[in-house]
Structures are given as structure tokens and as C-alpha cells.
Amino acid sequence: MPNIIIFGAPGSGKGTQSERIIEKYHLRHISTGELLRDHIARKTELGIVADSYCSRGQLIPDDLMIEILAHTIDNDAEVSKGLILDGFPRTIPQARALKQLLAERGMKIDSVIGLEVPEDELVERLLKRGQESGRSDDNLDTINKRLEVYHNQTLPLRDYYINEGKYCSIHATGSIDEIFDRIAEVIEA
Ligand code: AMP
């Protein structure tokens with residue numbers, strides 16, 4: 001089964017589309033954002049550290065994030081079924097570490113599905129999600145910070161994966177079903 005990264009800005013629909021992908025292809029879903037929010041809610045040691053970054057819209061330091069990911073993969077007996085990585089990698093050092101970490105386990109990334117959404121629509125979606133879900137980092141100040149961090153630190157990954165021949169661009173506006181159909185086409189190709 002394939003190992004896929006679902007890539008895109010905050011609000012591009014990574015979580016929503018991951019749910020549809022898992023439903024259809026039964027891949028393991030690793031969302032670093034969800035994992036951190038779970039620790040924050042349980043007020044674990046990691047949660048307290050993570051909260052100090054997440055609440056300001058900043059990224060958790062690479063070393064810590066890479067360690068968390070390695071631990072998650074090594075403690076999931078079902079990763080061999082294929083993976084969907086959502087929210088990781090978010091920096092070039094994370095992408096390089098991921099490549100090495102997977103190679104050491106006889107695995108590799110097969111494709112990167114890049115969800116492309118215009119910036120004004122991202123802000124609109126995130127504000128709506130903040131109202132509906134109460135997610136605390138979906139407020140205008142933190143949204144703007146997260147988008148800035150995305151442009152500076154995460155967007156360079158697009159070129160990184162284009163160079164690796166793995167980046168598949170998906171036009172990610174329209175209905176959830178329409179977007180999912182475009183993704184399914186890529187996965188099945
Ligand atoms: P997300 O749910 O993917 O939007 O992630 C929510 C927040 O968790 C981000 O704004 C970051 O603070 C943190 N986070 C999630 N994934 C990562 C990562 N790969 N590297 C650093 N920080 C992350």
C-alpha cells in the first residue's frame with residue numbers, strides 16, 4: 001500500500017480529505033496536529049510544551065517533532081498497511097529526516113498530494129472552523145501567523161517534492177466530493 005503525504009496550507013482540507021482517503025483506502029492516518037492537540041488536552045509534559053508553540057501559531061522545534069513521529073511510527077503495528085501523513089513534514093529538515101527514518105524501516109514516500117487553495121478562501125474556512133469547532137488556534141491573529149509560517153517554512157517543501165518527482169498538485173476548491181474525486185484519481189494512478 002502507498003505511503004502518502006497530504007500537503008497544504010492550514011485550512012486547505014488536509015484533515016477532511018484524509019478522513020475520506022482512510023475510509024476508501026484503509027491507510028493509517030498520522031496527523032501531527034491531532035496528536036499534539038490530544039497531548040495538550042491531557043496536559044501531558046509534551047502537551048504543555050506543544051501548547052506554548054501551537055497557541056502562537058508557531059511550529060514545534062524540528063528535533064522534538066521528528067522524535068514524536070519516529071515514536072508514533074515505531075509503535076503502530078499497522079503502518080505497513082500504508083500511511084497518510086497529515087501535517088508532517090512542515091520544514092525541509094523534517095522532510096530530510098522523514099526520508100532517512102522511512103529508509104531505515106524499509107519504507108518510502110510514494111506521493112505528495114498538494115491541496116492548492118487561494119489564500120482568501122483559506123482564511124474564510126479557518127474562521128468558520130474556529131466558530132464551529134472552537135479550535136483555539138483558529139482566530140484571526142493566529143491564523144495570520146500560521147499562514148506566514150506556512151509560506152516561510154513549509155511552502156519550500158513543494159519544490160523539494162517536485163524535485164523528487166513526487167508532488168501531485170490538486171485544485172482543492174469546490175465540494176468535498178469533487179476534491180476527493182481528484183485525489184482518488186491521483187492515488188489510483
Ligand atoms: P495542524 O492541525 O496540522 O494545523 O497543526 C496544528 C499546530 O500543531 C501547528 O500550527 C503547529 O503548531 C503544530 N504542528 C503540527 N504539525 C507540526 C509539525 N510537523 N512541525 C511543527 N509543528 C507542528
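Numerical summary
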item	result
Solvent-accessible area per residue, Å², over segment 104-185 with all protein chains present [probe radius 1.4 Å]	57 Å²
Mean Cβ neighbour count within 10 Å, used as a protection proxy, ranking 170-180, 82-92 highest first	82-92, 170-180
Accessible surface of the chain [probe 1.4 Å, protein heavy atoms]: carbon and sulfur percent	49 percent
The chain - percent relative contact order, Cα under 8 Å, separation 6 or more	33 percent
Inter-label distance for residue 16 and residue 135, nm, one decimal - labels placed 7 Å from Cα along Cα-to-Cβ	1.1 nm
12 Å Cα-Cα reach of residue 24 towards aspartates and glutamates, excluding residues that sit fewer than 8 places from it in its own chain	181, 188
Environment charge at residue 38 (Cβ cut-off 15 Å; Lys +1, Arg +1, Asp -1, Glu -1)	-2
Where a label projected 7 Å from the Cα of residue 163 along Cα→Cβ would reach, residues of segment 75-100 with amide N under 17 Å	89-100
Ordering of 25-31, 69-75 by packing [mean C-beta count within 10 Å, highest first]	25-31, 69-75
Three-way shape call for segment 75-157 based on the alpha-carbon gyration tensor, with the a/c threshold at 1.5	prolate
Spin-label pair residue 74/residue 176, simplified geometry with 7 Å Cα→Cβ offset, distance in nm	3.6 nm
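The values are calculated or read from the model by the stated rules, or taken from the named source; none is laboratory data. A quick note: this is a predicted structure, and the numbers were derived from the prediction, not measured. Counting neighbours? That spans all protein chains shown, and the Cβs are built from the backbone with ideal geometry, glycine included. Note: areas computed on protein heavy atoms with side chains; ligands, DNA, RNA excluded. Shrake-Rupley method; radii C 1.70, N 1.55, O 1.52, S 1.80 Å.
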